[in-house]
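Below is one structure, written out as structure tokens; comments come after it.
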Amino acid sequence: QGPLAPHGRAFSTSAGCRSTFNVQDGSDFQDRVVNNPKPVVVDFHAQWCGPCKILGPRLEKMVAKQEGKVLMAKVDIDDHTDLAIEYEVSAVPTVLAMKNGDVVDKFVGIKDEDQLEAFLKKLIGA
């Protein structure tokens, strides 16, 4: 039974990853972010962006820890230039905190886990 224990843990974290999704298009963003009753963190990133590769997984981990109180939408700015323009994203990574369709907070660049946790707690109202 011993070898199965790590898999059990891995399974629970992978279930938490469902709180993160990739935005497919504008209407998907509208449905899953703007119209979502839950607060959503929107990660505007790009494949070529080094800091994004560091921030993305770190932010996903912190969002997963919130156990579904907040969701995370990933938006590739090269695929969704229109959304990047609409939300005035001038640099990546840019992270928006959205509640009831409104941007209530944002930051640009890399943050450490403590800063991310504070950002998320403020959004959830914890």
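Taking the 0 to 90 degree range and rounding to the nearest ten, how far is the long axis of helix 113-124 tilted relative to the main principal axis of the chain, both from C-alpha atoms?
Helix 113-124 sits roughly 70 degrees off the main axis of the chain.
If you plug each phi of segment 31-43 into the Karplus form 6.51 cos²θ - 1.76 cosθ + 1.60 with θ = phi - 60°, what whole-Hz ³J(HN,Hα) values come out, in order, with x for Gly and Pro?
Those phi angles translate into 5, 8, 10, 4, 8, 7, x, 8, x, 10, 8, 10, 9 Hz.
Mind grabbing the accessible area of Glu86 for me, 1.4 Å probe, Å², rounded to tens?
Only protein atoms counted, so the area is about 120 Å².
Expected output is a single nm value to one decimal: the length gained when fully extending between Trp48 and Thr81, i.e. 0.36 nm times separation in residues minus the C-alpha distance. What is it?
10.4 nm
Given 37 °C and 0.692 mPa s, compute D for segment 62-104 with the Stokes-Einstein relation, Rh being the Kirkwood radius over Cα pairs; round to the nearest whole µm²/s.
On the way: Rh = 11.7 Å.
Rounded to a whole number, D works out at 280 µm²/s.
Mind checking the angle between helix 4-16 and the chain's longest principal axis? C-alpha axes, 0 to 90 degrees, to the nearest 10.
20 degrees
Give a residue-ordered list of calculated ³J(HN,Hα) values for segment 45-51 (Karplus: 6.51 cos²θ - 1.76 cosθ + 1.60, θ = phi - 60°; whole Hz; x for Gly, Pro).
Result, rounded to whole Hz: 9, 8, 4, 7, 8, x, x.
In the chain, what percentage of the DSSP-assigned beta bridges are antiparallel, given to the nearest 5?
Numbers: 11 of 20 bridges.
Given both bridge residues lie in the chain, the antiparallel proportion sits at roughly 55 percent.
What FRET efficiency comes out for Phe21 versus Asp112 if R0 is 25 angstrom and r is the Cβ-Cβ distance? Round to the nearest 0.05. Kindly include the intermediate steps, with their values, before the conclusion.
Working: r = 24 Å, r/R0 = 0.97.
Calculated transfer efficiency: 0.55.
Please compute the net charge surrounding Lys106, taking Lys and Arg as +1 and Asp and Glu as -1 over other residues with Cβ under 13 Å from its Cβ.
Taking every Cβ under 13 Å from that of Lys106, the sum is -1.
With a sphere of radius 12 Å drawn around the Cβ of Gln47, what net charge do the other residues whose Cβ falls strictly inside it have (Lys, Arg +1; Asp, Glu -1)?
On the way: positive: Lys53, Lys74; negative: Asp76, Asp78, Asp79.
Summing Lys and Arg as +1 and Asp and Glu as -1 gives -1.
Going by amide H atoms built from the backbone, whose H comes under 5 Å of the H on Lys106, apart from near neighbours?
When sequence neighbours closer than 5 places are left aside, the close amide H contacts are Ala97.
Suppose all protein chains stay in the model; what accessible area per residue would a 1.4 Å probe give for segment 36-126, in Å²?
On the way: 4570 Å² over 91 residues.
Result: 50 Å² per residue.
Can you send over the carbon and sulfur percentage of the accessible area for the chain, probe radius 1.4 Å, protein chains only? Mind showing how you got there, number by number?
Numbers: 3770 of 7110 Å².
With neighbouring chains kept in place, the figure for the chain is 53 percent.
For the pairs Lys38/Lys61; Lys38/Lys111; Lys74/Lys106; Lys38/Lys122, note any where the Cα-Cα span goes beyond 20 Å. Mind showing how you got there, number by number?
Numbers: Lys38/Lys61 18 Å; Lys38/Lys111 23 Å; Lys74/Lys106 14 Å; Lys38/Lys122 14 Å.
Result: Lys38/Lys111 exceed 20 Å.
The values are calculated or read from the model by the stated rules, or taken from the named source; none is laboratory data. Please read these numbers as outputs of a predicted model, since none were measured by experiment. So basically every Cβ, Gly included, is an ideal-geometry build from the backbone, and we count neighbours across all protein chains shown. All accessible areas refer to the heavy atoms of the entire protein, side chains included, with ligands and DNA or RNA removed. Shrake-Rupley method; radii C 1.70, N 1.55, O 1.52, S 1.80 Å.
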